[in-house]
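Right, one structure below, let's go through it.
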Amino acid sequence: MIRDLIMGNRSYRRFYQEFIIERATLAELVDLARLSASAANRQPLKYILSCDHQRNALIFPHLSWAGYLGDWAGPSEGEKPSAYIIVLGDIEITQSFGCDHGIAAQSILLGAREKGLGGCIIANIQRQELRKALDILPRYKILLVLALGKPKETVVIETVGSDGDIKYWHDSEGRHHVPKRPLSEIIIS
Ligand SMILES: Cc1cc2nc3c(=O)[nH]c(=O)nc-3n(C[C@H](O)[C@H](O)[C@H](O)COP(=O)(O)O)c2cc1C
């Protein structure tokens, strides 16, 4: 079952924007992150939730989507995420967040997937602009933005070919293809 969940937990970048995600649902997802592993159990992560149109509109312009798809500027109106969870690091707790935010992101996205939702981890963020737009205090380092919604795209997992190209791509029917390296390549000993 965990394999099915992980197979379904792709990076989705197009959504049914009109689909509503309640704030309580986002809080439930953050609770999964709260219960996840944290280096030295310092638990330095804090979160900003957004699921209303006005706040979503303040976040979206500061995110960069799918760098390998040069001809795609990101989701268009009607296909934007319904919600966001912004993952922050509280520098009054520690200056070093290790991989806490990656673990938190995965917990949140797997939880979202179990609820029939999907999302994308965004690290390519115009941080200064986002900080200004949401009035985020200097105490909080912006680590990741998790975009969430009801997915409106098909993602196909395939094996990296002999050319070694790992770039994801879109086919003529708009399906998103993601090459993954084979197990035989990544287990080295
Ligand atoms: C740390 C991290 C940062 C990422 N940042 C971005 C990003 O800024 N924009 C984006 O569109 N996708 C981003 N992604 C999504 C990756 O592109 C995606 O995971 C990869 O293409 C593999 O696809 P998959 O998640 O469906 O396996 C990020 C993923 C990770 C783990």
For this session: Could you tell me which residue of the range 59-90 is farthest from Tyr12 (Cα to Cα), considering only residues that are within 13 Å of the ligand (Cβ to nearest atom) and among the small types (Gly, Ala, Ser)?
Result: Gly70
Exercise. Among the residues of the range 91-102, which ones are buried (at least 18 other Cβ atoms within 10 Å of the Cβ) and within 12 Å of the ligand (Cβ to nearest atom)?
Worked result: His101
For this session: Mind counting the residues in the range 103-125 that are more than 12 Å from the ligand (Cβ to nearest atom) and surrounded by 18 or more Cβ atoms within 10 Å (Cβ to Cβ)?
Result: 5
Exercise. Of all the residues that make up the range 34-58, how many are in contact with a Ser or Thr (Cβ under 6 Å, 6 or more places away or on another chain) and surrounded by 15 or more Cβ atoms within 10 Å (Cβ to Cβ)?
Worked result: 3
Exercise. Quick check, is Ala73 modelled with pLDDT under 95 and closer than 22 Å to Glu153 by Cα?
Worked result: yes
Seminar exercise, completed: Taking the range 157-176 and keeping only residues that are more than 10 Å from the ligand (Cβ to nearest atom) and in a strand (DSSP E or B), one is left with Glu158, Thr159, Trp169, His170
Seminar exercise, completed: Taking first residues from the range 168-189 that are of a type in the set (Val, Ile, Thr) and second residues anywhere that are within 14 Å of the ligand (Cβ to nearest atom) and assigned to a strand (DSSP E or B), the pairs with Cβ under 8 Å that are 6 or more apart or on different chains are Val178/Ser11; Val178/Val155; Val178/Val156; Val178/Ile157; Val178/Glu158
For this session: Just need a number here: residues in the range 65-104 that are among the hydrophobic types (A, V, I, L, M, F, W, C), part of a loop (DSSP other than H, G, I, E, B) and either touching a residue at least 24 places away in the same chain (Cβ under 8 Å) or in contact with a helix residue (DSSP H, G or I) (Cβ under 8 Å, 6 or more places away or on another chain) (or both).
Result: 8
Exercise. Do you know which residues across the range 134-156 are β-branched (Val, Ile, Thr) and outside any loop (DSSP other than H, G, I, E, B)?
Worked result: Ile142, Val145, Val155, Val156
Problem set entry | Inter-residue pairs, beta-carbon under 7 Å, first at negative phi and within 16 Å of the ligand (Cβ to nearest atom) and in the range 134-148, second small (Gly, Ala, Ser) and assigned to a strand (DSSP E or B), 6+ apart | Lys141/Gly89; Leu143/Gly89; Leu146/Gly119; Ala147/Gly119; Leu148/Ala83; Leu148/Gly119
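The values are calculated or read from the model by the stated rules, or taken from the named source; none is laboratory data. All figures in this text were calculated on a predicted structure; none of them were measured in a lab. As a convention, Cβ positions derive from the backbone with ideal geometry for all residues, glycine included, and neighbour counts pool all protein chains shown.
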